[in-house]
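Contents: one structure, followed by commentary.
The values are calculated or read from the model by the stated rules, or taken from the named source; none is laboratory data. Quick caveat: nothing in here was measured; it's all calculated off a predicted structure. FYI the Cβ positions are ideal-geometry reconstructions off the backbone, even for glycines, and counts take in every protein chain you see. In case anyone asks, the SASA skips ligands and DNA or RNA and just uses the protein heavy atoms, side chains included. Shrake-Rupley method; radii C 1.70, N 1.55, O 1.52, S 1.80 Å.
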Amino acid sequence: MGRTVSRTEFFAAIAIFAIVFTMCTAYKLIRSDQWFGDSAVYFQATENLASRGAPVSQVKASVNDYMDSGSFQSTPTAAIAANPSSLFGRSTPATEVNVLRGHAYFVLFPIALLVKLLPVQVVLLSLYAFSFSGMILLAYFMLRIKGVSIISACLFCLLVASQPAWWQGLLLGQFYPDRLFLLAGFAFMAFVALTTVQNGKLTNRVWLAVMALLCASINERGALVAGVFMLFYVALYWKKPGLDRYYKLALSAGLLGYSYVAIKFIVPTDTSYSTFLPTSLDGLLNVVHLPQFIPLVALFLLVNAPLLSLSFFEWRTAAIAVFLMLPNIFGNIGGAEKVGWSTHYPSYYFPSLVLAALMGYAALHHQAAAKRRLPALYALTAAFMVYIAVLNPYSYSPISLALSNAADSFFPTAAADANQFLFQSEPRRNLEAAVNGIRQAVPPHSVVSSVEGGMPLLYQDRTIEFFPEDLDHADYAVLGAHYINGKISYFGSVSYLGADEQAKLSDLVQARMIADGYDVDHPKMFPGFKGLAVVRRVH
C-alpha cells in the first residue's frame, strides 16, 4: 500500500525540518564547551585540507603520541615519578599526521570546498545536524509513502528521536565524519529496500550508486556496512518482485571489495581492526567472560528494545539489523561501543536498526488499520517512548528503571537546553567570553600542554600537546582547576588505576608544574567553561 505525499504536507514537513535543523546547528555552534580533542582534530584537518590540500593535524599527532607512547593512563604513578621525562620532558613537539591514515575519510575533500567559503565549525557542525535531523525527515517521508498515517509517522519519528543513540549523539557528541553515515547510510538502505524495477523500467539505480559512493567516502566501515546490508537484503528478499538483484549484488561486491582494500592498504595505521573484534574462539571467550560484558550487553539490548521489537514485524530487515549490531555486542574498547550513546560508535548500526523498525512499524500499522486498532498502535508507540524515558541508558549494574530518570531524557533535556542557550543571551555571552578569555590567555605561536577541552579553542596558530605531556617545555598549561578550602587544586591528568592512583598522579603533575616554573598561584580560571584554567610558565 503506497500513497503520494501532498504538496502541502511536503512543504510543511520541510519547514519543520528547517526549523529543527537550524536550532540544532545553532546549539552545536554555541555549545563550544562540548567540543573536545577529536573536534580539534577534524576542525584542524579540514582547515588544512582547504588551505593546503593536506588533511593533516598536529593535534592528532599529539593525541597519538600520548595514547601510544607508554600507556600512561595505565602506568602506576610511582613508575612515572621514577622516569618523569618520559611524560613531562619531550623536547620535540608532535608533528602533523594525515588523518586519512587512520580512516579513509575521503568525504573531507568535498567538505573542504565549503570550508574555503565558511568557517570550519559552521560547515562541520551544520553537516552534523543535517545528518541527524535529515534521517528523521527521510524516515517520515518513507513511512508516508508506505501508506502510514500522519499521526503514526510522527509518533515513530519521535520514538527514534527519543533513542539515546540519536539525541545524545546529536546534543552531546563531537563531530566525526562517521556521524554523516546516519543520513547517508539510512538513505542508501532505504533505496536498497525500494523496488527498482517498475513496469519493466529501472528506477533509483543512479541514486543508489550515488549513495553507495557517499557511504564509501565517509569511511571504509561505511562501505563495509553498506555492502553487507545490500548483500544480505538481496539474499533474504531474493524472490521480491522487481528487486534488480544482479545490479545490487555487483554494487555490494564493489563496496565490500573497496572496504577490504582500504582496510588492508589505505589505513594500515589503524590498529582497531585487529583489537576491536575477537579473532579467535579464545578471544571471543575472553570478551564474553569480562565482568561487565553481560550487564553492558543487557543495557544495550534494553535501550534498543523498542526499535528491535517493532523490527520483527518485518523479520528479514530485522535479521540484517541484528547482524550489524553484533560488532557492538562482541567488540570491546571498554564499553563505549555498547553504551557510549554520545560517541560515534552507534553510527554504523543505528541506520539499519531504524530502517528495520520502520519496515516493521509500517507492516504493523497496516495490520492495525485493517482491524481498526490504530489507537492501540499510538498507545504502544507512546508507551515505548515512556519506557525509554524512565530507563537510565548508563546504569547497567544495576539496571535503573525509575520515573526520576525521565527528567534526563530527550524532551526535557532538549527543552531546557534550548531555553538556556538558544533563547537566553546571557549563557551564550558567558560561553563566548570564556572562549575568548582562554584564547587571549594563550598567545599565538605558543606551545601549550592542554586537556582535551582546551584543544578546539587553541589549535589554530599554537602547538598542542596532550596534558600533561611536555610540561617541561610548554609555555602554557590548560587544565582543570577548582578551589578546595580556599586553595587551588588542579586536575586533568588521567589514570585508569583507581581513585588513589588518580589522586597521586594529580599531586605528581602539580608538583612537576611547580618545579618547571608554572605560576600555579595565579592562574586565569574559567569555572563556567569545564572548570578550565590557564597557567603560564614563567621560567
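Principal-axis analysis of the Cα atoms of the chain puts helix 350-370 at an angle of about 30° to the longest axis. When the surface is traced with a 1.4 Å probe over the full set of protein chains, Phe265 keeps roughly 140 Å² accessible.
When the solvent-accessible area of the range 287-342 is split by element, carbon and sulfur atoms take up 74 percent of it, the probe being 1.4 Å. Note on Phe276 and Ser71: the model spin-label points, each 7 Å out from Cα along the C-beta direction, lie 2.0 nm apart.
Legend: calculated FRET efficiency, Ala370 to Phe323, from the Cβ-Cβ distance at R0 = 41 Å, rounded to 0.05, equals 0.85. Once the convex hull of all Cα atoms in the range 37-119 is built, its volume per residue stands at 96 Å³. The value of relative contact order for the chain, using C-alpha pairs under 8 Å at least six residues apart, is 19 percent. With no solvent and one point per C-alpha, what does the Debye sum give as log10 I(q)/I(0) for the range 1-144 at q = 0.20, 0.22 Å⁻¹? Values, matching the q order: -1.16, -1.26.
Each peptide in 114-126, 224-236, 316-328, 512-524 receives the mean, over its residues, of other Cβ atoms within 10 Å, and ordering these scores from highest gives 224-236, 316-328, 114-126, 512-524. With all protein chains kept in place, the per residue accessible area of the chain amounts to 44 square angstrom at a probe of 1.4 angstrom.
Using Cα-only point scatterers and the Debye equation, what is log10 of I(q)/I(0) for the range 247-374 at each q in 0.12, 0.13, 0.15, 0.16 Å⁻¹, rounded to two decimals? For the requested q values the scattering log ratios are -0.60, -0.69, -0.87, -0.96. Candidate cross-link partners of Lys530 among the aspartates and glutamates, defined by an alpha-carbon separation under 16 Å and a same-chain spacing of 8 or more, comprise Asp33, Glu432, Glu452. Taken over the range 452-534, the percentage of Cα pairs per 10 Å bin, counting from 0 up to the bin with the maximum distance, is 17, 52, 29, 2.
Against the empirical 2.2 N^0.38 Å (N residues), the range 337-448 has a Cα radius of gyration ratio of 1.63. Pairs spanning more than 23 Å between alpha-carbon atoms, out of Lys239/Lys264; Lys146/Lys371; Lys487/Lys524: Lys239/Lys264.
Applied to the range 510-515, the Karplus parametrisation 6.51 cos²θ - 1.76 cosθ + 1.60 on θ = phi - 60° returns per-residue 3J(HN,Hα) values of 5, 5, 5, 4, 5, 5 Hz, with x for Gly and Pro.
Each listed q (0.15, 0.27 Å⁻¹) maps to a log10 I(q)/I(0) for the range 216-295 from the Debye sum over equal C-alpha point scatterers, namely -0.72, -1.13. Here the range 468-539 exposes an accessible surface that is 53 percent carbon and sulfur, computed with a 1.4 Å probe and the other protein chains kept in place. Once both labels are positioned 7 Å from their Cα atoms along Cα-to-Cβ, the gap between Val122 and Leu194 label points is 3.2 nm. Projecting label points 7 angstrom from Cα along Cα→Cβ for Val287 and Ala253 puts them 2.9 nm apart. Relative contact order, whole percent, for the range 419-493 stands at 25, derived from Cα pairs under 8 Å and 6 or more residues apart. Semi-axes of the equivalent ellipsoid for the range 5-46, computed as √(5λ) from the eigenvalues of its C-alpha gyration tensor and ordered from largest down, come to 33, 12, 6 Å. For the range 408-459, applying the loop criterion from DSSP together with a ceiling of 13 other beta carbons within 10 Å to the trypsin sites (Lys or Arg not before Pro) yields no site.
Taking trypsin sites (Lys or Arg not before Pro) across the range 226-270, the ones in a DSSP loop with at most 13 further Cβ atoms lying within 10 angstrom of their Cβ are Lys239.
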